[in-house]
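These notes are about the structure you will find just below.
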Amino acid sequence: MGKTLRPVTLPVLAITVILAITAIGANASLTTYSTSASFDSATFGLTTQNFSFLSTTVGPGGSATVDNSLNSSTNNGFVLPGNIAAGLDIAALTNVGGDLALAGPNVFGIGNANYMVVGNYTNSGLQFTFAPGVTAFSLGVLSEFSSVDALLSVYSPSSALLGSIVLSSLPTSGSGAFIGVTSGGPIGSVVLAAPADGASFVAVDQVQFGSAVPEPGSLLLLGSGLLGAAGMLRKRLGW
């Protein structure tokens with residue numbers, strides 16, 4: 001049964017996010033980042049999606065439920081065309097109507113700092129689907145309404161599992177816990193699953209996606225290859 005966000009009073013908890021890769025496919029390698037600074041140094045030209053546009057339709061402390069999914073063409077009265085960046089689709093893992101909740105800062109007094117998107121059914125989770133070419137993403141992740149562990153699974157465009165990451169003790173207030181991932185191959189989608197405890201909701205207040213920066217060693221190999229090819233061409237042409 002679906003549940004709209006409801007007020008719950010909880011003590012403020014000290015939050016630690018522990019990242020652990022539990023499975024990696026043979027066709028790609030995943031690297032995780034727990035800070036935006038380290039992630040930024042490994043990526044280039046990312047698209048950043050936050051949900052501050054909800055200030056005009058949901059407002060601080062407000063909430064609304066909408067159907068799947070959210071993308072650049074969504075027009076449901078709360079999310080308008082162009083509010084969601086091209087190349088990103090956000091959906092709940094359920095699809096029965098009213099599957100997503102849109103929440104303003106400090107909704108029901110729980111202390112979230114930013115506008116966010118929530119899986120509106122307990123334990124439903126969220127899925128993020130990317131356009132072709134994405135090799136890096138980050139999320140700001142929260143839990144409603146109790147601090148829980150969640151599982152983040154990364155899939156290739158062909159739906160092969162590339163790896164799973166455990167997110168421990170997600171925050172229930174403030175900004176979302178940062179998790180960044182880069183991949184040695186293309187990323188098609190990411191699933192954020194809540195624990196099956198019958199009471200947990202997972203939420204995001206920011207999504208980034210784009211390309212990972214090649215490692216310096218790879219750039220050197222590429223440069224060496226280009227220089228070698230140029231040398232061979234000069235010899236053939238007699239330069």
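Just so you know, all these numbers are worked out from the coordinates, no wet-lab data involved. Everything quoted here is computed from the prediction, not taken from an experiment. Don't worry about glycine lacking a Cβ; one is built from the backbone with ideal geometry, like all the others, and counts go over all protein chains shown.
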Worksheet item: For Val96 and Phe44, FRET efficiency with R0 = 41 Å and r from the beta-carbon atoms, rounded to 0.05?
Response: 0.55
Fill in: 5 angstrom amide H check on Gly174, placed H, neighbours 5+ away
Asn112, Ala113
Item to complete: Positive end of the charge dipole of segment 19-214 (Lys, Arg +1 and Asp, Glu -1 on Cβ, about the Cα centre): tell me which of Ala150, Val166, Phe44 has its Cα farthest that way.
Response: Phe44
